[in-house]
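The values are calculated or read from the model by the stated rules, or taken from the named source; none is laboratory data. Only a predicted model underlies this, so the values are computations on that prediction, with no experimental measurement involved. Please note: Cβ atoms are built from the backbone with ideal geometry, for glycine as well, and neighbour counts cover all protein chains shown. Note: areas computed on protein heavy atoms with side chains; ligands, DNA, RNA excluded. Shrake-Rupley method; radii C 1.70, N 1.55, O 1.52, S 1.80 Å.
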Amino acid sequence: EIMTIKQQCSIVIITLNEERNIANLLDDLCRQSHKDFEVIVVDSASTDTTVETAQKFADRLDLKTIVMDGRGTSLGRNTGAENARYERLLFLDADVRLQPDFLAKSLTLLEQKGLWVAGGRIGSSDKEFLMRLGIGIFDWAMWLTQFFFPTCTGACIFSTKTVHRTIGGFDLSIRLCEDCDYVNRAGKTFRFRMLPIHFEFNPRRLKQDGIFNLGGVYLRANIRRFFKGELRNEIAYPFDHYKDKQ
């Protein structure tokens with residue numbers, strides 16, 4: 001089914017101790033050529049200055065901050081969606097970077113292709129070749145699986161309030177790959193595709209945990225998901241475990 005959605009967008013950014021990253025992303029949003037959007041920063045009770053840093057952008061963006069009592073990626077995204085003003089949703093992680101034409105190009109493509117839910121392509125300008133190669137492999141894998149078993153990083157997911165309500169949002173019981181589960185369930189009812197537009201992916205998890213180690217975790221997780229279903233207790237990956245917040 002095809003539907004036309006207005007170009008307005010509610011951008012949900014989940015944070016937990018992201019004082020070193022949130023300003024970069026919010027500054028990128030200030031520089032977008034497309035201006036018709038709101039920003040909802042949903043914070044998981046940070047112990048640093050994340051919220052205060054975000055609030056400094058209130059005079060440059062249509063910005064709302066929500067501080068939750070609990071913590072969690074899925075809880076944060078669902079909370080943001082519940083407080084969104086517009087039909088079109090964009091879920092972002094606090095450490096991504098966007099080119100000034102990212103929103104304009106993405107929203108145009110979503111309308112042209114009649115997409116209810118979609119993922120952004122991950123890219124990297126990291127100095128390390130191995131890191132760029134690994135991120136390129138992850139990107140290629142998500143592009144390939146979109147046709148039969150949608151997978152996607154929660155760092156950049158386009159959705160709608162209709163999709164979100166229909167599938168019941170992000171599943172709070174899933175311990176790993178809750179973002180992949182979201183687009184997989186959405187894709188069974190609504191058309192899902194990866195957009196041919198890249199955002200800058202932060203490789204800090206890959207650097208801390210090791211690119212081969214973390215790649216192996218996600219490979220095993222998605223093979224397990226494909227054959228046996230979602231991961232609820234088998235593999236845990238904690239929210240905000242980074243030693244280095246750079």
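What dipole magnitude, in Debye to the nearest 20, does the stretch 1-108 give about its Cα centre under +1 on Lys/Arg Cβ and -1 on Asp/Glu Cβ?
In debye, rounded to 20, the stretch 1-108 gives about 260.
What is the count of Lys pairs in the stretch 20-156 whose alpha carbons sit under 26 Å apart, if the two are 8 or more places apart or on different chains?
7
With a 1.4 Å probe and every protein chain left in place, tell me how much accessible area T189 has, in Å² to the nearest 10.
The value for T189 is about 100 Å².
Net charge near T108, counting Lys/Arg +1 and Asp/Glu -1 over other residues with Cβ under 15 Å of its Cβ?
+3
Which residues does a label at D59 reach in the stretch 6-29, if reach means a backbone N under 16 Å from a point 7 Å past the Cα toward the Cβ?
27
Report the gain in length on full extension from S33 to D171: 0.36 nm times residue separation, minus Cα-Cα distance, nm rounded to one decimal.
46.3 nm
List every residue whose amide H lies under 5 Å from the amide H of E19, counting only residues 5 or more places away in sequence or on a different chain, with H placed 1.01 Å from N in the peptide plane.
Answer set, sorted by chain and number: T49, T50.
Full extension from Q112 to M68: what is 0.36 nm times the residue separation minus their Cα-Cα distance, to one decimal in nm?
Stretched out fully, the Q112 to M68 stretch lengthens by 12.2 nm.
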